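The values are calculated or read from the model by the stated rules, or taken from the named source; none is laboratory data. A quick note: this is a predicted structure, and the numbers were derived from the prediction, not measured. Glycine also receives a Cβ, built like all others from the backbone with ideal geometry; neighbour counts cover every protein chain displayed.
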Amino acid sequence: MARRIRSASFATPAASPRRRGAAILEMALALGLLLSLSFGTVEFGYFFFVKNTVQGAAREGARVAITPTGSNSDVTAAVNAALQAAGMRTADFTTTVKVNGVVANCNTAVAGQTVEVNVQATWGTVGLRPLGLIGTSKNVLGAATMRKEGS
């Protein structure tokens, strides 16, 4: 004769109201922490995206500035094109050209002199701030220095 084994019931008894309250509290604490981590990751990720974009725009501006026929208006146009390609508003950024460390027009530089292009904005004007972890006065700066080419 086969012996019949009773299986244990997997049904859980109804939770007491006190236990349900503890589960809601635990979920609220865990959800708050997870949302903070998620929004913080978004904010810092976007900061690094903007920083990388500004650095690339400065590099593009410097590449135009070192050519024998390059002028500051050409540099600004190249920087703006790079920023627009990344979806940035160009009005939020300032572009500065320096020749041997002095603000000047890049077409005044002679071959071999250093030309520096700086692109700058404040985080409050270009940033995404879901938690406000990065201050609005934080500068986002991209800089590139190259030597002027000969004609």
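Counting just the residues of segment 94-136 that are small (G, A, S) and over 15 Å from the mean Cα position of the chain (by Cα), which one comes out surrounded by the most Cβ atoms within 10 Å (Cβ to Cβ)? I'd like the intermediate steps shown before the answer.
Here is the first cut: in segment 94-136, the residues small (G, A, S) are 101, 104, 109, 111-112, 121, 124, 127, 132, 135.
Then drop every residue that is not over 15 Å from the mean Cα position of the chain (by Cα), which leaves 101, 104, 109, 111-112.
Working: G101: 9, A104: 15, A109: 22, A111: 11, G112: 9.
So, considering only residues that are small (G, A, S) and over 15 Å from the mean Cα position of the chain (by Cα), the one surrounded by the most Cβ atoms within 10 Å (Cβ to Cβ) is A109.
Evaluating A8 against the criteria (1) at pLDDT below 90; (2) closer than 14 Å to M146 by Cβ leaves one unmet condition, (2). The condition of being over 30 Å from V42 (Cα atoms), touching a helix residue (DSSP H, G or I) at 6+ places or on another chain (Cβ under 8 Å) and at pLDDT 95 or above holds for only one of V117, V79, V97, that being V97.
Specify which of the listed residues (T95, T125, T145, T108) is more than 21 Å from T53 (Cβ to Cβ) and of a type in the set (S, T, Y). Answer to the check: T108. Remark: pairs (first residue in segment 119-142, touching a residue at least 12 places away in the same chain (Cβ under 8 Å) and at positive phi; second residue of a type in the set (D, E) and part of a strand (DSSP E or B); Cβ separation under 6 Å; 6+ apart in sequence or on different chains) are absent. Of all residues in segment 82-93, those satisfying the criterion of being exposed (fewer than 15 other Cβ atoms within 10 Å of the Cβ) and either in contact with a Phe, Trp or Tyr (Cβ under 8 Å, 6 or more places away or on another chain) or of a type in the set (A, V, I, L, M) (or both) are A85, A86, A91. Applying the set (1) farther than 30 Å from G150 by Cα; (2) at pLDDT 90 or above to G56 leaves exactly one unmet item: (1). Just one of the listed residues (A15, A28) is assigned to a loop (DSSP other than H, G, I, E, B) and either at pLDDT below 95 or touching a Ser or Thr at 6+ places or on another chain (Cβ under 9 Å) (or both), and it is A15.
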